[in-house]
Amino acid sequence: MTKDDRRGYVQTVLGLVKGDELGVTLAHDHVLIDGTFMYVEPPEIGQRKMAHEKISLENRGWVGYHWTSNKDNVELKDEEIAVSELKHFVAAGGKTIVDPTNIGLGRDPVGLARIARLTNTHVVMGAGYYIGSTHPDNMDALSQDDIAREIIRDIDVGVGDTGIKAGLIGEVGCTYPWWDNEKKSLRAGVDAQLETGAALMVHPGRSPNSPVEIAEVVDKAGGDMSRLIICHIDRTCLDRGWLKELAQTGCYLEYDLFGNESSFYPPNPDVDMPSDAERMDVILWHFEQGYERQILLSHDVATKHRLHAYGGLGYDHLITNVVPRLRKRGLTDAQVATLIEDNPATVYSFV
């Protein structure tokens, strides 16, 4: 299939669908993921027992606060639970979920396809490489072109021998300071973007400098800035001047941690995680500034404690809880649709 054949369509694990058929879309959530790379053993001896327990009502509060320090919590591998959780999303009116689980995160094309069929959802799968600590042992030996060709094959032909195709490039992982292989991986993602017409999603390092540097690299490499998505804005920086500078590059700003209400952020304890109320304030500011067409919303569910089955808010939180609050704050139905229907349909459709 050529680039022109896909124009205006979104590629899901079950095939192409027209962009305007995506419906309500989660722009960034993980259905199946191996997140063991982020597990951190608690330094306190007294807490190490809980780190190796299954999640229960008794330890749920501790796990929710120290969510990277429970081994059971950092893996989503149960397809039956995934189906049950996505049914909540569908019942709330959801239709599409973008799952940027790629190489390094335990990508499972066949599992995603089974889940999509059982839930009647559109699932868009990612391609490319995550952060350096999850790269394969041969990453040094891979050239930029090697990586780009692999991404292009995942989109054009399918992952391995599954025939199941990726629909976006990402989330390409960057830390801060950058690893050389992460820069190589990002530039390869730009090459693949230009070849395929797919969106390029980038996970920035945990510094306000990282998204700006990513945008500069993509622009310098000739990437399509209107097809660049920078994730996790809400854990990186919410300074309005900084946000305006980033938005002026033309990229999409993804606020994808809705439902993560704890101010304590284990991957970067020096930064306080904003609340959903603070996220909504920033979203409304984007409308005031005229940047509402560059905004994407989601939860970045990647751990058990975020699921209904384990006492969390689930994949439907954005629809069930956040959207009504946005309407009360003054957004019209059309403006809400811009955020959770129109913008995802625009950026995830091939050009």
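Yes or no, residue by residue, for (1) out of contact with any Gly (no Cβ under 7 Å at 6 or more places or on another chain); (2) outside any helix (DSSP H, G or I); (3) not hydrophobic (A, V, I, L, M, F, W, C):
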{"site": "K183", "(1), (2), (3)": "yes, no, yes"}
{"site": "A188", "(1), (2), (3)": "yes, no, no"}
{"site": "E195", "(1), (2), (3)": "yes, no, yes"}
{"site": "G205", "(1), (2), (3)": "yes, yes, yes"}
{"site": "P211", "(1), (2), (3)": "yes, no, yes"}
{"site": "A215", "(1), (2), (3)": "yes, no, no"}
{"site": "D234", "(1), (2), (3)": "yes, no, yes"}
{"site": "G241", "(1), (2), (3)": "yes, no, yes"}
{"site": "K244", "(1), (2), (3)": "yes, no, yes"}
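Would you call E171 modelled with pLDDT of 95 or more, out of contact with any helix residue (DSSP H, G or I) (no Cβ under 7 Å at 6 or more places or on another chain) and crowded, with 21+ Cβ neighbours inside 10 Å?
yes
In the stretch 124-141, how many are over 22 Å from G35 (Cβ atoms) and either part of a helix (DSSP H, G or I) or in contact (Cβ under 8 Å) with a residue 24 or more places away in the chain (or both)?
2
When the stretch 269-298 is examined, which residues are found to be of a type outside the set (D, E, K, R), out of contact with any Lys or Arg (no Cβ under 7 Å at 6 or more places or on another chain) and under 23 Å from S69 (Cβ atoms)?
Residues satisfying the conditions are P269, P274, S275.
Exactly one of (1) modelled with pLDDT of 95 or more; (2) surrounded by fewer than 22 Cβ atoms within 10 Å (Cβ to Cβ) is unmet by R206. Its number?
It is condition (1) that R206 fails.
Please go through the stretch 322-341 and give me each residue that is touching a residue at least 12 places away in the same chain (Cβ under 8 Å) and either surrounded by fewer than 17 Cβ atoms within 10 Å (Cβ to Cβ) or assigned to a helix (DSSP H, G or I) (or both), ordered by number.
Within the stretch 322-341, V322, V323, R325, L326, R329, G330, Q335, V336, T338, L339, I340, E341 qualify.
Collect the residues in the stretch 75-107 that are of a type in the set (D, E) and part of a helix (DSSP H, G or I), keeping them in residue-number order.
Hits for the stretch 75-107 are E79, E80, E85.
Do we find that L238 is aliphatic (A, V, I, L, M), surrounded by fewer than 20 Cβ atoms within 10 Å (Cβ to Cβ) and modelled with pLDDT under 95 in this structure?
Judged against the criteria, L238 is a match.
Kindly provide the set of residues from the stretch 288-306 that are outside any helix (DSSP H, G or I) and under 16 Å from G61 (Cβ atoms), ordered by number.
Filtering the stretch 288-306 for residues outside any helix (DSSP H, G or I) gives 290-291, 295-303.
Matches in the stretch 288-306: T303 only.
What are the pairs with Cβ atoms under 6 angstrom where one residue, in the stretch 210-226, is buried (at least 21 other Cβ atoms within 10 Å of the Cβ) and the other, located anywhere, is assigned to a helix (DSSP H, G or I)? Sequence gap at least six, or different chains.
From the stretch 210-226, the pairs are P211/L246; V218/V190; G223/V190; G223/Q193.
For a quick check of your reading of the model, give me the residue pairs whose first member lies in the stretch 242-264 and is more than 29 Å from G64 (Cβ to Cβ), whose second is of a type in the set (D, E, K, R) and surrounded by fewer than 23 Cβ atoms within 10 Å (Cβ to Cβ), with beta-carbon atoms closer than 8 Å and at least 6 apart or on different chains.
Every condition considered, the pairs that remain are T249/D219.
Which one of these is of a type in the set (V, I, T) and either at positive phi or not assigned by TED's automatic domain parsing to the domain that holds A166 (or both): V63, V17, V24?
Going through V63, V17, V24 in turn, just one is of a type in the set (V, I, T) and either at positive phi or not assigned by TED's automatic domain parsing to the domain that holds A166 (or both): V63.
Could you check, for the stretch 225-238, whether at least one of its residues is assigned by TED's automatic domain parsing to the domain that holds V322, of a type outside the set (A, V, I, L, M) and closer than 15 Å to H286 by Cβ? Write out each step before concluding.
Step one: of the stretch 225-238, the residues assigned by TED's automatic domain parsing to the domain that holds V322 are 225-238.
If we keep only those that are of a type outside the set (A, V, I, L, M) too, we end up with 226-227, 231-232, 234-237.
Subsequent filtering for residues that are closer than 15 Å to H286 by Cβ retains 234, 237.
Within the stretch 225-238 (the criterion being assigned by TED's automatic domain parsing to the domain that holds V322, of a type outside the set (A, V, I, L, M) and closer than 15 Å to H286 by Cβ), the answer is yes, since at least one residue qualifies.
Based on this model, can you work out whether V110 counts as assigned to a helix (DSSP H, G or I) and of a type in the set (A, V, I, L, M, F, W, C)?
For V110, the condition - assigned to a helix (DSSP H, G or I) and of a type in the set (A, V, I, L, M, F, W, C) - is met.
Hey, does the stretch 86-103 have a residue that's surrounded by fewer than 17 Cβ atoms within 10 Å (Cβ to Cβ) and within 22 Å of D161 (Cβ to Cβ)?
So far as the stretch 86-103 goes, no, none of its residues is surrounded by fewer than 17 Cβ atoms within 10 Å (Cβ to Cβ) and within 22 Å of D161 (Cβ to Cβ).
The values are calculated or read from the model by the stated rules, or taken from the named source; none is laboratory data. All figures in this text were calculated on a predicted structure; none of them were measured in a lab. A quick note on method: Cβ atoms are made from the backbone with ideal geometry, for glycine too, and the neighbour counts reach across all protein chains shown.
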